[in-house]
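What follows is a single structure, written as structure tokens, with notes after it.
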Amino acid sequence: MENEETKIINQKQPANRELLRSTYFYDLPQEQIAQTPIEPRDHSRLLCFNRASGAIQHKHFYDIIDFLRAGDVLVVNNTKVLPARLFGFKAKTGAKIEILLQKRIDLHNWEVIAKPAKRLDDGTEIVFNQNIHCRVTEKGDYGACKVEFVYDDSKTFEEHLMEIGTVPLPPYIKEKLKNADRYQTVYAKVEGSSAAPTAGLHFTPELLEKIRNKGVEILEVLLHVGLGTFRPVKEENILNHEMHSEYFEITQDVADKINKAKREHRRVIAVGTTSVRVLESGVDENVLLVPQKRETKIFIYPPYNFKMVDALITNFHLPESTLIMLVSAFIGDIDKTLDLYKTAVKEKYRFFSFGDAMFIE
């Protein structure tokens, strides 16, 4: 599977319309970028689209239960967002530095994004408080660095992080988040993400219980969302875009239950593009989901044959992003995808991480 993913990234083909970044552009008024989450969580709006009939319905998220059937399998990503934004200063000069944790390498070493990166060189020491600092071990492009953390071992790194870190909201959210838990799903368990799997933010414990009582099986996978999820596609030919790598896990129990559902022709419904990436990355040559723990660079764009996912719950994504390309591949029609987005704009839906949702079946 990894070879397939690498092959997808490295293909160099003449770009036709579905391979052009600009195909996935749409106009969005600035005021429709949601700055704060809706309360309660499940009172956000829900645009429902049936791919077979073309029918569109405008609902609220708590109505999702009416679109689910007994026997469906709902797959959620149980990753938890780290307080991954750190503010420190250079030990020598006192210059302020912001660090965004991207990916853990080992117990002390991380891949990070640093701002302003031009102030950093290999060996630069960044102090956060008297008990924890880091040293730049390797400087990359676009602010990317590798750093080694050194800290008072009377506390774990995670305990230090809780003291010095804040939740790294996406750059298009300008308002301060009053309650950090609103950038976590109610089922978040495994710390490691730099960004939330935002389609899951709409669920409440009460709604999940109603869904279970309807006979829907809820299964958990893991994908740690990296900051690369916000990285724009810069190449006009999307095949030249280098996809970011993210760590995921599928357990034996989850693989067995999803394979059983597929054999019995029951729907597998992915909550968010991160769950899609896990499910489609985990399929073997026999179209079976395989338990595994590894990195994925899978890049899903039209045309794509989905092996595991039958329906999708997702938010509205940025223009020209890899996420809207994935959604377009699932809908199966670029023009229909853009029409749905234009409808959402016209109907005053709220967009992006704290925005409204779509259900595509």
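The values are calculated or read from the model by the stated rules, or taken from the named source; none is laboratory data. From a predicted model like this one, the values you see are computed outputs, not experimental measurements. Because the Cβ atoms are built from the backbone with ideal geometry, glycine has one as well, and the counts that use them run over all protein chains shown.
Among the candidates LYS155, LYS189, LYS178, single out the residue that is at pLDDT below 95 and exposed (fewer than 14 other Cβ atoms within 10 Å of the Cβ). Please lay out each step first, then the result.
Details: LYS155 fails: exposed (fewer than 14 other Cβ atoms within 10 Å of the Cβ); LYS189 fails: at pLDDT below 95.
None of the others qualify; the one that does is LYS178.
I'm checking my understanding of the structure. Among residues of the stretch 231-269 that are crowded, with 18+ Cβ neighbours inside 10 Å and under 12 Å from the mean Cα position of the chain (by Cα), which one is modelled with the highest pLDDT?
PHE248
Select from the stretch 165-175 the residues that are within 23 Å of TYR247 (Cβ to Cβ) and buried (at least 16 other Cβ atoms within 10 Å of the Cβ) and write down the one among them that is modelled with the highest pLDDT.
Of everything passing the filter in the stretch 165-175, GLY165 is modelled with the highest pLDDT.
One line per residue, one yes/no per condition, for (1) in contact (Cβ under 8 Å) with a residue 60 or more places away in the chain; (2) in contact with a Pro (Cβ under 9 Å, 6 or more places away or on another chain):
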{"site": "PHE61", "(1), (2)": "yes, no"}
{"site": "VAL73", "(1), (2)": "yes, no"}
{"site": "THR79", "(1), (2)": "yes, yes"}
{"site": "PRO83", "(1), (2)": "yes, yes"}
{"site": "LEU86", "(1), (2)": "yes, no"}
{"site": "ALA91", "(1), (2)": "no, no"}
{"site": "LEU101", "(1), (2)": "yes, yes"}
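Hey, among GLY228, GLY200, which residue is assigned to a helix (DSSP H, G or I), within 19 Å of ARG294 (Cα to Cα) and not polar (S, T, N, Q)? Walk me through it before giving the result.
Working: GLY200 fails: within 19 Å of ARG294 (Cα to Cα).
Among GLY228, GLY200, only GLY228 is assigned to a helix (DSSP H, G or I), within 19 Å of ARG294 (Cα to Cα) and not polar (S, T, N, Q).
Among the residues of the stretch 159-187, how many are of a type in the set (D, E, K, R), in contact with a Ser or Thr (Cβ under 9 Å, 6 or more places away or on another chain) and part of a loop (DSSP other than H, G, I, E, B)? Steps first, answer last, please.
In the first step, residues of the stretch 159-187 are kept if they are of a type in the set (D, E, K, R); the result is 159, 163, 174-176, 178, 181-182.
Still in the list and also in contact with a Ser or Thr (Cβ under 9 Å, 6 or more places away or on another chain): 175, 178, 182.
Filter once more, keeping what is part of a loop (DSSP other than H, G, I, E, B): 175, 178.
Residues flagged as of a type in the set (D, E, K, R), in contact with a Ser or Thr (Cβ under 9 Å, 6 or more places away or on another chain) and part of a loop (DSSP other than H, G, I, E, B) within the stretch 159-187 amount to 2.
Could you list, in sequence order, the residues of the stretch 13-69 that are under 21 Å from ARG212 (Cα atoms) and out of contact with any Leu (no Cβ under 8 Å at 6 or more places or on another chain)? Walk me through it before giving the result.
Just the residues of the stretch 13-69 that are under 21 Å from ARG212 (Cα atoms), to begin with: 40-44, 46, 48, 59-69.
If the condition is that a residue be under 21 Å from ARG212 (Cα atoms) and out of contact with any Leu (no Cβ under 8 Å at 6 or more places or on another chain), then PRO40, HIS43, SER44, LEU46, CYS48, ASP66, PHE67, ARG69 are the ones that fit.
Of the residues ASP141, ASP121, which single one is within 30 Å of VAL276 (Cβ to Cβ), of a type in the set (D, E, K, R) and assigned to a loop (DSSP other than H, G, I, E, B)? Lay out the reasoning, then the answer.
On the way: ASP121 fails: within 30 Å of VAL276 (Cβ to Cβ).
ASP141 is the lone residue from the list that is within 30 Å of VAL276 (Cβ to Cβ), of a type in the set (D, E, K, R) and assigned to a loop (DSSP other than H, G, I, E, B).
To keep it simple, each residue is scored yes or no on (1) over 28 Å from LEU68 (Cβ atoms); (2) out of contact with any Leu (no Cβ under 6 Å at 6 or more places or on another chain).
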| residue | (1), (2) |
| --- | --- |
| PRO168 | yes, no |
| ASP181 | no, yes |
| TYR187 | no, yes |
| VAL190 | no, no |
| THR198 | no, yes |
| LEU208 | no, yes |
| ILE218 | no, no |
| LEU222 | no, yes |
| VAL225 | no, yes |
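Would you check which residues across the stretch 196-230 are modelled with pLDDT of 95 or more, crowded, with 19+ Cβ neighbours inside 10 Å and polar (S, T, N, Q) and list them?
THR198
Give me a count of the residues in the stretch 157-206 that are of a type in the set (Phe, Trp, Tyr) and without any contact (Cβ under 8 Å) to a residue 12 or more places away in the chain. Even if it seems obvious, please write down each step before you answer.
Initially, the stretch 157-206 is screened for residues of a type in the set (Phe, Trp, Tyr), giving 157, 172, 183, 187, 203.
Filter again for without any contact (Cβ under 8 Å) to a residue 12 or more places away in the chain, leaving none.
Counting residues in the stretch 157-206 that are of a type in the set (Phe, Trp, Tyr) and without any contact (Cβ under 8 Å) to a residue 12 or more places away in the chain gives 0.
Kindly indicate whether PRO291 is of a type outside the set (A, V, I, L, M, F, W, C) and either out of contact with any Asp or Glu (no Cβ under 9 Å at 6 or more places or on another chain) or within 15 Å of LEU326 (Cα to Cα) (or both). Spell out how you get there, then give the answer.
Details: of a type outside the set (A, V, I, L, M, F, W, C): yes; either out of contact with any Asp or Glu (no Cβ under 9 Å at 6 or more places or on another chain) or within 15 Å of LEU326 (Cα to Cα) (or both): no.
It is false that PRO291 is of a type outside the set (A, V, I, L, M, F, W, C) and either out of contact with any Asp or Glu (no Cβ under 9 Å at 6 or more places or on another chain) or within 15 Å of LEU326 (Cα to Cα) (or both).
Quick test of your reading of the structure: GLY282 fulfils all but one of (1) under 19 Å from ILE360 (Cα atoms); (2) surrounded by 19 or more Cβ atoms within 10 Å (Cβ to Cβ); (3) not basic (Lys, Arg). Name the failing condition by number.
Condition (1) is where GLY282 drops out.
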